[in-house]
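Asks: Sharing a structure below in structure tokens format, with a few things to ask.
Nothing in this text is a laboratory measurement; each read-out follows from the coordinates by a stated rule. Keep in mind it's a predicted model, so treat the numbers as computed, not measured. Glycine gets a Cβ as well: all are built from the backbone with ideal geometry, and neighbour counts include every protein chain shown.
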Amino acid sequence: MTGDGTATGIKDPDNHMKYMMKGSRPMLLAAGMMAFLAVSASAGAQQAPSASGTITLEEAIQRALVKSPAMAQSESAVENAETGKLTAFGAFLPSLSASSGASLRSADRFDPATDRIVTGSADSYNAGLSAGLDLFNGGRQFSDLSRSKADLSAAEARRDDQRFQVTLTTKRLYFTALRQGELLEVANARLAQAQESMDMTRRQAQVGMATKSDTLRSRLEWVNARQAVLTAETTAQSSRFALARQVGLAEPVTPVVPAGLDPSPLPMTDGEILATAEASAPSVRAAVASTGAANAAYSAAKTLYLPTLRLTSGYSWANQDASFSGGSKSWSFGLSGSYPIFNGFQREATVARADQTRRVTSLQEDDARLAARQNADGALRALHTATMAIEIAQEAVGLAEEDLRAVRERYRVGVATVLDVVTSQIALDQARVNLVGARYDYVTARAQLEAVIGKEL
């Protein structure tokens, strides 16, 4: 094949084609059918991975919540807190234990009647049951139960917060993959525009209305556009791999564009959102529960200055024969009290540490409220900014498209230069990039706001 498209060794390609069509119609039909099958198979091979490698936003969030190590740790913390609550409740119940034992041994003794040593046994069997109950320990059980309930509430709030954080991270990766996919489309559109301008410049050069510099400049823009496509392909593939890792897959996945990405009014006013974030954000609820747990721990520490009263009882049985009949039986019942007069300042140190922890958690609660309000306000500002940016970017794309059309028409009639065409192309490409960025900045800011207040909007 030569540079002008003529097959090597064929002087008249038109006559050669007529001969092939006249004398080899069956061959052409067969070749055409094979080509059709090959194209169909190729298309199917390309679509199959895409169909099997796509994922919706709901599926991505569900898989991420299951595969997230941080989410598993949060669930484990909740289970541990539930166990702690059960243990604290068990302190109100009496302790009960059972014991049993058996001893088998031989014993030689002298029989004076026969003047001989007789071999015998000295076996023993015993069993017992004991119980104990703290009648009074300064209210420590109640403080421990309150602390365990607060710990459970804090663990549940942290789990909710972690769920929203995992959801936010998944949405960010999902929207990033969508953004890079659309930016790849923008890069391909730029390449197509550069190709069209390069063809236009060549036609103008053939009729003497363009210089060699025009051809080189349009060719340079085509090369830059091709480089942009390669970069966009690499970035898109990387973002799809990042999304796959988030959902626990080894191969890249292509996100499906969900519905509802366009800006829509929020169900609450800005003031209501800020108030909700400050009052009931997951981070705030966790901080409030931690403060309650610290207060309960402080109350429990102060009970060390009070005496304790304990009630105990037991029943025991012993016998030398392996039988429940006979033997000796006994029972016991007791009431004991204790009060540590001095234990090396351990009580004072425990109370001091509990008081410091209570003060710190109170400050952390105040800071959590302020942080939630600040983060909610930042997400709101980003949301409103992105909404306005979408409108501006949409108008900019329309203006840039019209400008490029007008500049190309002026270039065809020799009024504009190729530099004007390239400048208009770059402006249109940037306007499209800005529109894509504004659209996904909006949905990301909305997801951020939902994660801050702990509520779907």
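Asks: Please report, in debye to the nearest 20, how large the charge dipole of the stretch 357-434 is about its Cα centre when each Lys and Arg carries +1 at its beta carbon and each Asp and Glu carries -1 there.
Replies: Dipole magnitude for the stretch 357-434 comes out near 260 debye.
Asks: Same structure, new question: Can you tell me which of 234-244, 63-73 comes out highest on packing, and rank the rest after it, using the mean Cβ neighbours within 10 Å?
Replies: 234-244, 63-73
Asks: Here's a follow-up. According to a simple spin-label model (label point 7 Å from Cα along Cα-to-Cβ), what is the distance in nm between Ala102 and Leu230?
Replies: 8.6
Asks: In whole Å, what are the extents of the stretch 322-392 along the principal axes defined by its C-alpha atoms, from largest to smallest?
Replies: In descending order, the Cα extents are 99, 43, 17 Å.
Asks: In what sequence, highest mean first, do 178-191, 338-351 appear when ranked by Cβ atoms within 10 angstrom?
Replies: 178-191, 338-351
Asks: Please compute, for the alpha-carbon atoms of the chain, the extent along each of the three principal axes and give them in descending order in Å.
Replies: Sorted from largest, the Cα extents of the chain read 142, 66, 36 Å.
Asks: Okay, moving on. Search the structure for amide H atoms under 5 Å from the amide H of Ile55, placed 1.01 Å from N in the peptide plane, and list their residues when 5 or more places away or on another chain.
Replies: Residues meeting the amide H criterion: Thr254, Val256.
Asks: Over the alpha carbons of the stretch 273-402, what is the largest minus smallest coordinate on each principal axis, giving the biggest first in Å?
Replies: Reported extents, whole Å, longest axis first: 110, 44, 22.
Asks: Taking 0.36 nm per residue of separation and subtracting the Cα-Cα distance, what length does fully extending Lys329 through Leu135 add?
Replies: Gain on extension, Lys329 to Leu135, equals 67.1 nm.
Asks: Moving on. What share of the DSSP beta bridges in the chain is antiparallel, in percent to the nearest 5?
Replies: That works out to approximately 95 percent antiparallel.
Asks: Further question on the same structure: State the Kirkwood hydrodynamic radius of the stretch 153-259 in Å, one decimal place, computed from all pairs of distinct Cα atoms.
Replies: Evaluated over the stretch 153-259, this radius sits at 16.7 Å.
Asks: Still on this structure: Please compute the length gained on full extension between Glu395 and Ala113, using 0.36 nm multiplied by the number of residues separating them and subtracting their Cα-Cα distance.
Replies: In short, 89.0 nm is gained.
Asks: Quick one: Debye curve from the C-alpha atoms of the stretch 144-207, no solvent, what's log10 I(q)/I(0) at q = 0.28 Å⁻¹?
Replies: -1.03
Asks: Here's another thing I want to ask about it. So what's the Cα pair-distance distribution over the stretch 194-328, bin width 10 Å, in %?
Replies: Result, from short to long distances: 8, 11, 11, 15, 13, 11, 10, 7, 5, 3, 3, 2, 1 percent.
Asks: Taking only the alpha-carbon atoms of the stretch 342-457, what semi-axes of the equivalent ellipsoid follow from 5 times the gyration tensor eigenvalues under a square root, in whole Å, largest first?
Replies: Output for the stretch 342-457: semi-axes of 61, 14, 8 Å.
Asks: Right, something else. Can you tell which of Gln356, Gly314, Ala393 lies farthest toward the positive end of the dipole of the stretch 302-429, using +1 and -1 charges on the Cβ of basic and acidic side chains (Lys, Arg; Asp, Glu)?
Replies: Positive-most Cα among the choices belongs to Gly314.
Asks: Return an integer: the convex hull volume of the alpha-carbon atoms of the stretch 265-331, in Å³ per residue.
Replies: Measuring per residue, one finds 235 Å³ for the Cα hull of the stretch 265-331.
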